[in-house]
Amino acid sequence: MTADPDFFDLIRQYAPNIINKVPYAKTLGFELVELEPGRAVARAPYQAETIGDIETGIIHGGVVTALLDNVSGVSVIAALSEMKSTATLDLRIDYMRPAEVGRDIIAEAKCYHMTRTVAFTRAWAYHETKDRVIATASGSFALNPIKQFPGDSEGEG
């Protein structure tokens, strides 16, 4: 989707920060593992701190939702041809089955359509392959111009 390879190189440098350095995603252990134009793959490790059912050891569904939301947003950024800010407008999750105990969760997202102001995504959470998905998601994301930060010399006056 991105036409300019130099711009995508910039995105490739910036995108990991969205998952790897955002405190919430960092706390959950999310890691961006693959990025290409309009597509992103991330991983959430199995952690005792994210168990939602202490009797079974199954990860809380909110972890899956957060992972799908994050990776979907990164797929949108990877589809941009100019820098814009993004925000989740809508995210629908369909859970097929619980994640298996002790196994990392992989999430893959694709930005399949973009207008001037909204991007649309599809995403899947699974263990090794999409043959047996844990959950699917479809999302829409607002696209907004990035405004100058207070104190920037261009924004003053």
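The values are calculated or read from the model by the stated rules, or taken from the named source; none is laboratory data. Only a predicted model underlies this, so the values are computations on that prediction, with no experimental measurement involved. Glycine also receives a Cβ, built like all others from the backbone with ideal geometry; neighbour counts cover every protein chain displayed.
State which residue is nearest to K26 (Cα to Cα) when the search covers only region 55-85 and only residues that are surrounded by fewer than 19 Cβ atoms within 10 Å (Cβ to Cβ) and polar (S, T, N, Q).
This residue is T65.
Residues of region 122-146 being touching a residue at least 60 places away in the same chain (Cβ under 8 Å) and either among the small types (G, A, S) or farther than 19 Å from A99 by Cα (or both), which ones?
Passing the criteria: A125, A135, A137, G139, F141, L143, N144, P145, I146.
Quick one: count up the residues across region 112-126 that are buried (at least 16 other Cβ atoms within 10 Å of the Cβ) and either in contact with a Ser or Thr (Cβ under 6 Å, 6 or more places away or on another chain) or under 20 Å from I59 (Cβ atoms) (or both).
Of region 112-126, the ones buried (at least 16 other Cβ atoms within 10 Å of the Cβ) are 114, 119-126.
Narrowing the set further to residues that are either in contact with a Ser or Thr (Cβ under 6 Å, 6 or more places away or on another chain) or under 20 Å from I59 (Cβ atoms) (or both) leaves 120-126.
Matching residues across region 112-126 total 7.
So that you can scan it fast, the table gives a plain yes or no per residue for (1) in a strand (DSSP E or B); (2) of a type in the set (A, V, I, L, M):
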{"site": "E55", "(1), (2)": "no, no"}
{"site": "V64", "(1), (2)": "no, yes"}
{"site": "D69", "(1), (2)": "no, no"}
{"site": "G73", "(1), (2)": "no, no"}
{"site": "L89", "(1), (2)": "yes, yes"}
{"site": "T121", "(1), (2)": "yes, no"}
{"site": "S140", "(1), (2)": "yes, no"}
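Does region 91-100 contain any residue that is outside any strand (DSSP E or B), under 17 Å from A40 (Cα atoms) and acidic (D, E)?
No, there is no match, as no residue in region 91-100 is outside any strand (DSSP E or B), under 17 Å from A40 (Cα atoms) and acidic (D, E).
Does Y46 count as part of a helix (DSSP H, G or I), touching a residue at least 40 places away in the same chain (Cβ under 8 Å) and hydroxyl-bearing (S, T, Y)?
So Y46 does not fit the description; no.
Quickly run through region 24-36 and pick out the residues that are surrounded by fewer than 19 Cβ atoms within 10 Å (Cβ to Cβ) and assigned to a loop (DSSP other than H, G, I, E, B).
Filtering region 24-36 down to residues surrounded by fewer than 19 Cβ atoms within 10 Å (Cβ to Cβ) leaves 24, 26-27, 29, 31, 33-34, 36.
Selection gives G29 alone.
Given the conditions (1) among the charged types (D, E, K, R); (2) touching a residue at least 12 places away in the same chain (Cβ under 8 Å); (3) not in a strand (DSSP E or B), report the number of the one that K110 does not fulfil.
Evaluating K110 over (1) among the charged types (D, E, K, R); (2) touching a residue at least 12 places away in the same chain (Cβ under 8 Å); (3) not in a strand (DSSP E or B) leaves (3) as the failure.
Could you please find all residues in region 70-91 being aliphatic (A, V, I, L, M), more than 13 Å from the chain's Cα centre (by Cα) and at pLDDT 95 or above?
Residue satisfying the conditions is L89 alone.
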